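Report on one structure; see the data block that follows.
Any read-out appearing in this document is the output of simple, stated calculations on the displayed coordinates, not a laboratory observation. In this text the structure is predicted, and so the values were computed from the model without any measurement. When we count neighbours, we look across all protein chains shown, and the Cβ atoms used for this are built from the backbone with ideal geometry, even at glycine.
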């Protein structure tokens, strides 16, 4: 009888182990899938906007995104941000993941923004107060919510927005005029850093990103029904083919005071855009120089730029490159002619 009882108990223990083991396995798989659908893991945004079906640069490269070295640029596991050592043993830590250096190790454009601002003694207002990335960006954004978003610009992908903290704004003339028309970023972003002349062939052959960083400008586009800050990026493919991208972008270079009216309205830049052509970059003593200021992105306007090939560590200007293919990415849309007309009217802040 005792032997039978022992056998029954052993059998029950085995069944319990199998049941809970399977439950744990399924739950673990669910957790893995939860993170594996996050943008940090999939980097889906880059693939989505690269795709020729969405008007991306694949149109001229002819190479699927899955064949590019940047396809593997993603956070493969929680270890990347949370792994640390405790008493000489590996451990997980939420504290170490809050360290901003962990974030900018991958988000290198923002690291460059910080470097530029520090050199100019014009630190971002949030960084100046000691804020970290995690103060605005939620765990859901970072770890995912089970939905595989196409892009961080897709509705619902991001939680961070100015209004989360700034629930009320000073009733200034600018705020009254631009209410519900302009996003906060269009006036309070100091500048954006652009990856200019990205040399695609070097990326493919050597797995190395080669580009010229430019700053001092802010582009304006429509996004989610409002005018917002934007950026540009240019590519050189197969020696002389060129590609120009405009997309909404938040730059972590925020200033407390918004732009003055005359920085956007009635400027020489706006006048050139109205005429239908604007030169963004040019060569000066062998170095690339760029326009500075607020630049409206309008459909039908020719945005001229100097393009260069990259050989043996040197930039070589391309003579008479073909016209660039133009792509509006990240759900951004160009300003309308009516919006451009409003910008053409000189204004002075009272």
note = Counting only DSSP beta bridges fully inside the chain, the antiparallel percentage to nearest 5 is 65
query = Given a Förster distance of 41 angstrom, what is the FRET efficiency for residue 86 paired with residue 344, based on the Cβ-Cβ distance and rounded to 0.05?
reply = 0.10
message = As a test, work out the antiparallel percent of DSSP beta bridges whose residues both lie in region 173-350, rounded to the nearest 5.
response = 65
remark   = Scaled by the rule-of-thumb 2.2 N^0.38 Å, the alpha carbon Rg for the chain gives a ratio of 1.22
task = Relative to the longest principal axis of the C-alpha atoms of the chain, give the angle of the C-alpha long axis of helix 108-119, reported between 0 and 90° and rounded to the nearest 10°.
result = 50
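In deg cm²/dmol, rounded to 500, what helix-only [θ] at 222 nm does the chain give when every DSSP H run of at least 4 residues adds -39500 (n - 2.57) and the total is split over its residues? Let's see the in-between values first.
Details: 16 runs with 124 residues, N = 350.
For the chain, the value works out to -9500 deg cm²/dmol.
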Relative contact order %, the chain, counting alpha carbon pairs below 8 Å whose residues are six or more apart = 16
message = Per 0.36 nm of contour for each residue apart, how much would the distance between residue 279 and residue 152 grow if the chain were fully extended, relative to their Cα-Cα spacing?
response = 42.7 nm
request  = Write down the radius of gyration of region 173-350 and its Dmax, each obtained from C-alpha positions, in Å.
outcome  = 16.9, 56
